[in-house]
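Colleague: Input: one structure, supplied below.
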Amino acid sequence: MMHAPVHGAAGQPVSFQRSHDFEAFRESVSSSFVPLKVSGPSQGVFFSSIRSASALDFHLTELTAGGHQVERTPELIRQGGEDYYKVSLVLAGSSLLIQDSREVFLQPGDLAVYDTSRPYSVISEERTRVLVAMFPKSTFELPESQIHQISAVNLAAPGQLGSLAAALLAKVSTSLDQLSGPFGVRIANSCLDVLATAFAGSLGAQRPVVDPREKLLADIHAYIERNLASPDLTPGSIAAAHYISTRHLHGLFHSQGVTVSAWIRQQRLARCQRELSDPFLVNRSVASIAASWGFPDPAHFSRTFKSTFGESPRDFRMRFAA
């Protein structure tokens, strides 16, 4: 299972906030994530610390605080903004996560995903240290309807692949500054790859996809992913490989709000972006990377990349050259 590589600004330096005041903590939480309703003790000393770093659109935040509750309310959701998935890993203490009429009690080592576009609550009745990964929902190719099936579920339960993701995230949290370094993008994409695998594994353990259209679309996505580098990848070849008409193929993608060609282009651009940000590939030319992912015309690739990401591929690469 692959994800669409993260994009946006380059790695940001580690930020650290410490407070003995609950109001300061309330403001810090909303600014670190998405707007949230935060409640806790009305008086007395309230110790908290928030340490965070990011690589492109992948954000990691380690939060330590006394008993408190955060809510993503319908009113806050209606204010708009980008939608994210958040993955919570409890490092110490415990918390209760509630979303979609499900609730899960998380203890050290437990891992759960939730969606900022739908209401949720996180309740910690004791001092808790938690690591939260946050990234745009568009990062994953899994349909939202599938990820909704595993929200507020312990993905790191015995026998679940989420335990691998939990171990990796816990390790990254011990050297958070590496996420802002030259290999930050590679670290972020490694974390996302493992999370995508954990999500898919949990879905497979709960129930297979039974809707025929959904199963067919998932197979087509996987086929495209395997053949992205092929110059012969076209709607016609994809339809023939799955014994359907091109009209049926276009209808499947239309139901997802995208054309077949646009989806292929998005995936190819994402692979190019990932390789352009990889310090291990610095000796490969931009043209060579583009050609390997189905963009044989360097000028066309440069225009397409810039119109998608807001900067030329060379300028993008320069930000990771140090």
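Colleague: From the list Val130, Val104, Val153, pick out the single residue that is at pLDDT 95 or above and either assigned to a loop (DSSP other than H, G, I, E, B) or over 22 Å from Ser31 (Cα atoms) (or both).
Modeller: Step by step, each of Val130, Val104, Val153 is checked, and only Val104 is at pLDDT 95 or above and either assigned to a loop (DSSP other than H, G, I, E, B) or over 22 Å from Ser31 (Cα atoms) (or both).
Colleague: Read through the list (1) more than 25 Å from Ile98 (Cβ to Cβ); (2) aliphatic (A, V, I, L, M); (3) crowded, with 19+ Cβ neighbours inside 10 Å; (4) in the same structural domain as Pro108 (by TED's automatic domain parsing), then give the number of the only condition that Leu168 fails.
Modeller: With respect to (1) more than 25 Å from Ile98 (Cβ to Cβ); (2) aliphatic (A, V, I, L, M); (3) crowded, with 19+ Cβ neighbours inside 10 Å; (4) in the same structural domain as Pro108 (by TED's automatic domain parsing), Leu168 is out only on (3).
Colleague: Sticking with this one: Consider only pairs whose beta carbons are under 7 Å apart and that are at least six residues apart or on different chains; among these, list those whose first residue lies in the range 180-203 and is in contact (Cβ under 8 Å) with a residue 12 or more places away in the chain and whose second residue is part of a helix (DSSP H, G or I) and of a type in the set (Lys, Arg).
Modeller: If the second residue must be part of a helix (DSSP H, G or I) and of a type in the set (Lys, Arg), the pairs left are Asn189/Arg274.
Colleague: Shifting gears a bit: Every residue in the range 206-227 that is exposed (fewer than 15 other Cβ atoms within 10 Å of the Cβ), of a type in the set (A, V, I, L, M) and at pLDDT below 80, please.
Modeller: Val210
Colleague: Of all the residues that make up the range 28-82, how many are aliphatic (A, V, I, L, M) and farther than 15 Å from Val122 by Cα? Don't jump to the end; show me each part of the working.
Modeller: Kept after step one, since they are aliphatic (A, V, I, L, M), are these residues of the range 28-82: 29, 34, 36, 38, 45, 50, 53, 55-56, 60, 63, 65, 70, 76-77.
Keeping just the survivors that are farther than 15 Å from Val122 by Cα gives 45, 50, 53, 55-56, 60, 76-77.
Total meeting the criteria: 8.
Colleague: Inside the range 34-53, can you point out the residues that are in a loop (DSSP other than H, G, I, E, B) and at pLDDT 90 or above? Please lay out each step first, then the result.
Modeller: Taking the range 34-53 as the starting set, the residues that turn out to be in a loop (DSSP other than H, G, I, E, B) are 34-36, 40-47.
The answer is Val34, Pro35, Leu36.
Colleague: Answer yes or no: is there a residue in the range 130-152 that is touching a Lys or Arg at 6+ places or on another chain (Cβ under 9 Å) and of a type in the set (S, T, N, Q).
Modeller: In the first step, residues of the range 130-152 are kept if they are touching a Lys or Arg at 6+ places or on another chain (Cβ under 9 Å); the result is 132-135, 144, 147-149, 151-152.
Remaining after also requiring of a type in the set (S, T, N, Q): 149, 151.
The answer is yes; a qualifying residue exists.
Colleague: Test Pro5 against the criterion of being under 22 Å from Asp83 (Cβ atoms), modelled with pLDDT of 85 or more, part of a loop (DSSP other than H, G, I, E, B) and not β-branched (Val, Ile, Thr), and give yes or no.
Modeller: Here the answer is no, as Pro5 does not meet what is asked.
Colleague: Please go through the range 101-139 and pick out each residue that is among the acidic types (Asp, Glu) and touching a Phe, Trp or Tyr at 6+ places or on another chain (Cβ under 8 Å).
Modeller: Correct list: Asp115 only.
Colleague: Could you go through the range 165-173 and let me know if any residue there is within 25 Å of Leu106 (Cα to Cα), touching a helix residue (DSSP H, G or I) at 6+ places or on another chain (Cβ under 6 Å) and touching a residue at least 40 places away in the same chain (Cβ under 8 Å).
Modeller: Within the range 165-173, one or more residues are within 25 Å of Leu106 (Cα to Cα), touching a helix residue (DSSP H, G or I) at 6+ places or on another chain (Cβ under 6 Å) and touching a residue at least 40 places away in the same chain (Cβ under 8 Å).
Colleague: Is one or more of the residues making up the range 110-117 touching a Lys or Arg at 6+ places or on another chain (Cβ under 9 Å), closer than 15 Å to Lys37 by Cβ and either surrounded by fewer than 17 Cβ atoms within 10 Å (Cβ to Cβ) or not aromatic (Phe, Trp, Tyr) (or both)?
Modeller: Yes, because at least one residue in the range 110-117 is touching a Lys or Arg at 6+ places or on another chain (Cβ under 9 Å), closer than 15 Å to Lys37 by Cβ and either surrounded by fewer than 17 Cβ atoms within 10 Å (Cβ to Cβ) or not aromatic (Phe, Trp, Tyr) (or both).
Colleague: Then there's this: Could you check the range 245-296 and list, in sequence order, the residues that are among the hydroxyl-bearing types (Ser, Thr, Tyr) and assigned to a loop (DSSP other than H, G, I, E, B)?
Modeller: Answer for the range 245-296, where residues must be among the hydroxyl-bearing types (Ser, Thr, Tyr) and assigned to a loop (DSSP other than H, G, I, E, B): Ser245, Ser255, Thr259, Ser277, Ser285.
The values are calculated or read from the model by the stated rules, or taken from the named source; none is laboratory data. Predicted model, so just to flag it, every value in this text is computed and none were measured. So basically every Cβ, Gly included, is an ideal-geometry build from the backbone, and we count neighbours across all protein chains shown.
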